[in-house]
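Student: Here it is: the structure, laid out below.
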Amino acid sequence: ARDADVAPNNNLNLSVSSATLTAISINTTTQTVLLSEALDFEADEEHTITVLVSDLDAPQLGSDTFVLTLVVGDENDNSPALADVAVDVNEGLANTLVIDLNATDSDTVG
């Protein structure tokens, strides 16, 4: 964020005015957005943060907002799963399909 005024009349404040997650903060001095905990793709693939920038000088000339969208990338962080199954099989059968297995992995493909 920038204020076209020159020092000392270019003081700004940055703050989160709304967000879909609580683990976020803004450092006004460095103008950086910080996460305080890891994001989880399987829990939420996208987060939206509305940032408010305000003029701190006198007279205060207003404010502006912008929307920051965080798109969470998926990591290979989940193990595959396969449920235990009991199947009744008649004796004397050979070359017979017993069961179609359905293993799952909640990570995305690719």
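Student: May I ask you to list pairs of residues, at least six apart or on different chains, whose Cβ atoms are under 8 Å apart, with the first in region 46-69 being more than 25 Å from LEU35 (Cβ to Cβ) and free of Cβ contacts under 8 Å to residues at least 40 places away in the same chain and the second being among the small types (Gly, Ala, Ser) and surrounded by 12 or more Cβ atoms within 10 Å (Cβ to Cβ)?
Tutor: Here the result reads GLN60/SER54; GLY62/SER54, each pair linking region 46-69 to a residue that is among the small types (Gly, Ala, Ser) and surrounded by 12 or more Cβ atoms within 10 Å (Cβ to Cβ).
Student: State whether one or more residues within region 50-64 are within 30 Å of ASP107 (Cα to Cα), open to solvent by less than 90 Å² (accessible area, probe 1.4 Å) and not β-branched (Val, Ile, Thr).
Tutor: No: zero hits.
Student: Follow-up question, since we're still on this one. Can you name the residue in region 55-75 that is at pLDDT below 85 and out of contact with any Gly (no Cβ under 7 Å at 6 or more places or on another chain) and is also nearest to ASN27 (Cα to Cα) among such residues?
Tutor: Checked region 55-75; the qualifying residue nearest to ASN27 (Cα to Cα) is LEU56.
Student: May I ask you to list pairs of residues, at least six apart or on different chains, whose Cβ atoms are under 7 Å apart, with the first in region 20-36 being open to solvent by 80 Å² or more (accessible area, probe 1.4 Å) and the second being modelled with pLDDT of 85 or more and assigned to a loop (DSSP other than H, G, I, E, B)?
Tutor: LEU35/ALA23; SER36/ALA23
Student: Residues ASP105, ASP57, ASP74, ASP88: which one is among the charged types (D, E, K, R) and within 22 Å of LEU14 (Cα to Cα)? Walk me through it before giving the result.
Tutor: Working: ASP105 fails: within 22 Å of LEU14 (Cα to Cα); ASP74 fails: within 22 Å of LEU14 (Cα to Cα); ASP88 fails: within 22 Å of LEU14 (Cα to Cα).
Just a single option satisfies the conditions, and that option is ASP57.
Student: LEU82 - would you say it is free of Cβ contacts under 8 Å to residues at least 24 places away in the same chain and open to solvent by 90 Å² or more (accessible area, probe 1.4 Å)?
Tutor: It is true that LEU82 is free of Cβ contacts under 8 Å to residues at least 24 places away in the same chain and open to solvent by 90 Å² or more (accessible area, probe 1.4 Å).
The values are calculated or read from the model by the stated rules, or taken from the named source; none is laboratory data. Since this is a predicted model, take the numbers as computed values, not measurements. Note: ideal-geometry Cβ built from the backbone for every residue, glycine included; neighbour counts use all protein chains shown. With ligands, DNA and RNA removed, areas are computed over all heavy atoms of the protein, side chains included. Shrake-Rupley method; radii C 1.70, N 1.55, O 1.52, S 1.80 Å.
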